[in-house]
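Structure first, then comments.
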Amino acid sequence: MKTTEHLSAALKHIGFLTLLAFTFSVTDAQSQEDTKENVIYWHIKAVLPEAKLLDIKAIDKKGVYYDVKAIQDSYDLSILSIKALVNGQAIPIKMIVKKNDEYYPVKAIDNDGSILDIKAIGENGELLDVKGVSRMGSIVDVRAIDKEQKHYNVISISPHKGVNHVKGLKMFNEEVEAVIHGVKIFAHVKSVREY
């Protein structure tokens, strides 16, 4: 008799736990779907001293321009990935290992390993380099650089509310952080909230 009561009580608990697990998995799947549907694309801009903003674009070898965006796919605004939107895909933007350059080039890396330039577009259509210019610990400042070697901040702007700074982030002390599609990476380029 006691065995039957214990078995019956255990089955009730197992049933409750199964229902609870199912409810959480459905809720989690729904919240993941909602997140995918609610991706927010932040604009990436260079800031001139006279409070003018310059677009930043990825440019392929044929001279085709593509949007560069910070991608917010959750409620956390602290660190957002920055990607180039190329032919329906979001491809990574990284700071690559410099060769004989003074600064670290910022580039988009396509799935086949081809590299797209990242440039700020001036008011008259001139192209400004976007590079990692100075490092303090794990943080590398990203700047747009004109022909006179003037440096301009690069920021991300939410379409709703908020501004983050664009920075290079190092995870390791080694020069080569990672290799993506055959390209040696120095640092990851992110939209970072500064408190």
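The values are calculated or read from the model by the stated rules, or taken from the named source; none is laboratory data. Everything quoted here is computed from the prediction, not taken from an experiment. In this analysis, Cβ positions are derived from the backbone assuming ideal geometry, glycine residues included, and neighbour counts consider all displayed protein chains.
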Among the candidates Asp146, Asp110, single out the residue that is among the acidic types (Asp, Glu), touching a strand residue (DSSP E or B) at 6+ places or on another chain (Cβ under 6 Å) and under 22 Å from Ala46 (Cα atoms).
-> Asp146
Quick one: count up the residues across segment 66-80 that are in contact (Cβ under 8 Å) with a residue 40 or more places away in the chain and more than 14 Å from Val163 (Cα to Cα).
-> 2
Could you figure out which of (1) within 30 Å of Glu175 (Cα to Cα); (2) at pLDDT below 95; (3) not charged (D, E, K, R) isn't true of Gln32?
-> (1)
Taking segment 85-138 on its own, how many of its residues are of a type outside the set (A, V, I, L, M), free of Cβ contacts under 8 Å to residues at least 40 places away in the same chain, within 19 Å of Asn173 (Cα to Cα) and in a strand (DSSP E or B)?
-> 3
Buried (at least 17 other Cβ atoms within 10 Å of the Cβ) and closer than 22 Å to Ser78 by Cα: does that describe Ser158?
-> yes
Filtered residues of segment 151-169 (kept if charged (D, E, K, R) and modelled with pLDDT under 95) | Lys161
Would it be correct to say that Lys57 is surrounded by 21 or more Cβ atoms within 10 Å (Cβ to Cβ), out of contact with any Phe, Trp or Tyr (no Cβ under 7 Å at 6 or more places or on another chain) and in contact (Cβ under 8 Å) with a residue 24 or more places away in the chain?
-> no
Flag for Asp76 being closer than 20 Å to Pro159 by Cβ and at pLDDT below 95 = yes
